[in-house]
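*Asks:* Mind having a look at this structure? Questions to follow.
The values are calculated or read from the model by the stated rules, or taken from the named source; none is laboratory data. Bear in mind the structure is a predicted one, so any value in this text is a computation, not a measurement. Because the Cβ atoms are built from the backbone with ideal geometry, glycine has one as well, and the counts that use them run over all protein chains shown.
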Amino acid sequence: MNHAIGASHDRLRVWRQALAAPARYIRPWYGAYLLLGIVTAGIVPVLLPLMMVSISHRMSNVAYVMGVYDLGLLTSPLWGLLAERLKLYRSLFFLAFIVAAIAIGLFPMLPGLPSWMGAAFALGAGSAGAGTMASLFIVDFAPQAEWEPRIGLLQSFNGTGQVLGLLLAGIFSHGQFNTGLWVAAALLVPALLIGGIGLPVQRHPRAPGVHPHRVLDVRALAAFPRVNFLSGVGFHFHHLNISGLRHLPAIVGTPFGRFIVSWFLLSLGVSGFFTYFPLMLEHGYGLDTHMSSLIYAVAAAVGIALFILASRWAGRFGSGKVYQWGLWLRLAGFVLLLAPYVTPVGPRIGFAMVGFVLIVIAWPILSVAGTGLAARLAPFSEGAAMGLFNASLALATVIGAFASGPLMAALGFRSMAWMGVAGLALSILSGLNLAPRPVAEPSSS
């Protein structure tokens, strides 16, 4: 049984452990993942859609290219399989970063949709490989007692990178899209150098039968900041654990099954907005990309503190209630985005700014509470539960990204707001009265 289950569970245990001795758990190669966060979660999601529309003048192309990028992220289990079977950790690390850098650097020079889709898949696959190697450099090279604080701090490096990347994206958002993407590709070169001098070389064999998804305290790890983007690179080990899919029949009609449906609908509803957000906010509401990137960066930075607060709230009020708070907060954001399209109101830009902030700052609350619910409600192991949790998000992201293209072509930006409102409303209904197993969840304060 996972040691995270129990009445004495402390959601901030690992956070305090890492903060007490950060030098013990931080390694130089974490800097490579700070740079990866700058590029894949900060610069690329903003500048890539802007560049494609400036060349093709077709909004629907963005959906198809970003959808293929999301498909590339699904290669994560393959990277993990190759690394652990062939023991080529360092080689695959370098390959993943090189593939991502080349794909980003080629984008501005490619002529149109087919070539963009090929580069997007390569970028997604390279990003997935880089994230997978991060996971394995910890669980295959560090003592088990240090896995959680190392993961949490690495996750925080990546999330901090996103904030910096969004600020950089704002600088290049006034037409210098190609330059910004080439800068992004160049930033991955020092990541290779950092990895070359700092990656671990001595494997630390695991105990027989010990798999990370069986021993990690996922609710404690949820207190660490992570990328505030729907399809961003993740450093949980549960995305490598696809065995949970065989448990699908067992969750039908259970509270856990309703939660997975709720999480899927949430992810599906917001996927269109996060595919188009820089274009939607600028062309639909007059909020220029420089300002929207700055707002996103500031809100994501504020969200770092919200991860800790949300962990405290989940321990005090229960994950189910906090999850509903997050859903209602994000729904309010999408209602504000929708309002100018359905009723005569004041300047659209004000609704866009407030709505965007609410959508972004809801993520830490949803992430922490969703992770807690997945761990607490599952009728089987937490590892299998987290596998389904992440699989539902990945599937919803891919479906939503591709579906947003025809919706955008037919109905314009208002369709993305409607998609968010509908998805969140259904998610709220599916997620009502999700009572976890009858185990006390005391406050960690």
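*Asks:* Tally up the residues in the range 311-321 that are touching a Gly at 6+ places or on another chain (Cβ under 8 Å) and either under 17 Å from residue 416 (Cα atoms) or of a type outside the set (Ser, Thr, Tyr) (or both), please.
*Replies:* Residues flagged as touching a Gly at 6+ places or on another chain (Cβ under 8 Å) and either under 17 Å from residue 416 (Cα atoms) or of a type outside the set (Ser, Thr, Tyr) (or both) within the range 311-321 amount to 2.
*Asks:* I've got another one for you. Tell me, please, whether a residue that is outside any helix (DSSP H, G or I), at pLDDT below 85 and within 23 Å of residue 198 (Cβ to Cβ) can be found in the range 143-158.
*Replies:* Within the range 143-158, one or more residues are outside any helix (DSSP H, G or I), at pLDDT below 85 and within 23 Å of residue 198 (Cβ to Cβ).
*Asks:* When you scan the range 199-210, do you find a residue that is modelled with pLDDT under 90 and in a helix (DSSP H, G or I), even just one?
*Replies:* No, because not a single residue in the range 199-210 is modelled with pLDDT under 90 and in a helix (DSSP H, G or I).
*Asks:* Out of 41, 96, 130, 32, which single residue is buried (at least 21 other Cβ atoms within 10 Å of the Cβ) and within 30 Å of residue 406 (Cβ to Cβ)?
*Replies:* After applying the criteria, what remains is 41.
*Asks:* Read through the list (1) charged (D, E, K, R); (2) under 30 Å from residue 407 (Cβ atoms); (3) free of Cβ contacts under 8 Å to residues at least 40 places away in the same chain, then give the number of the only condition that residue 85 fails.
*Replies:* For residue 85, the failing item is (2).
*Asks:* Still on this structure, I have one more. When the range 31-87 is examined, which residues are found to be within 30 Å of residue 410 (Cα to Cα) and either of a type in the set (Ser, Thr, Tyr) or not in a helix (DSSP H, G or I) (or both)?
*Replies:* Matches in the range 31-87: 40, 54, 56, 57, 58, 59, 60, 64, 69, 74.
*Asks:* Report yes if some residue within the range 288-307 is touching a Pro at 6+ places or on another chain (Cβ under 8 Å) and over 24 Å from residue 171 (Cα atoms); otherwise report no.
*Replies:* yes
*Asks:* Out of the range 353-404, which residues are without any contact (Cβ under 8 Å) to a residue 60 or more places away in the chain and surrounded by fewer than 24 Cβ atoms within 10 Å (Cβ to Cβ)?
*Replies:* If the condition is that a residue be without any contact (Cβ under 8 Å) to a residue 60 or more places away in the chain and surrounded by fewer than 24 Cβ atoms within 10 Å (Cβ to Cβ), then 354, 358 are the ones that fit.
*Asks:* While we're looking at this one, here's another question. Answer yes or no as to whether residue 92 is part of a helix (DSSP H, G or I), over 19 Å from the mean Cα position of the chain (by Cα) and touching a residue at least 12 places away in the same chain (Cβ under 8 Å).
*Replies:* yes
*Asks:* From the list 164, 192, which residue is in contact with a Leu (Cβ under 9 Å, 6 or more places away or on another chain), under 30 Å from residue 149 (Cβ atoms) and at pLDDT 75 or above?
*Replies:* 164
*Asks:* For the subset of the range 248-287 comprising residues that are touching a Pro at 6+ places or on another chain (Cβ under 8 Å) and among the hydroxyl-bearing types (Ser, Thr, Tyr), which member is surrounded by the most Cβ atoms within 10 Å (Cβ to Cβ)?
*Replies:* So, considering only residues that are touching a Pro at 6+ places or on another chain (Cβ under 8 Å) and among the hydroxyl-bearing types (Ser, Thr, Tyr), the one surrounded by the most Cβ atoms within 10 Å (Cβ to Cβ) is 275.
*Asks:* Every residue in the range 288-339 that is within 18 Å of the chain's Cα centre (by Cα), under 30 Å from residue 176 (Cβ atoms) and surrounded by fewer than 19 Cβ atoms within 10 Å (Cβ to Cβ), please.
*Replies:* Within the range 288-339, 298, 301, 302, 304 qualify.
*Asks:* Do we have residue 107 as crowded, with 23+ Cβ neighbours inside 10 Å and touching a residue at least 60 places away in the same chain (Cβ under 8 Å) here?
*Replies:* yes
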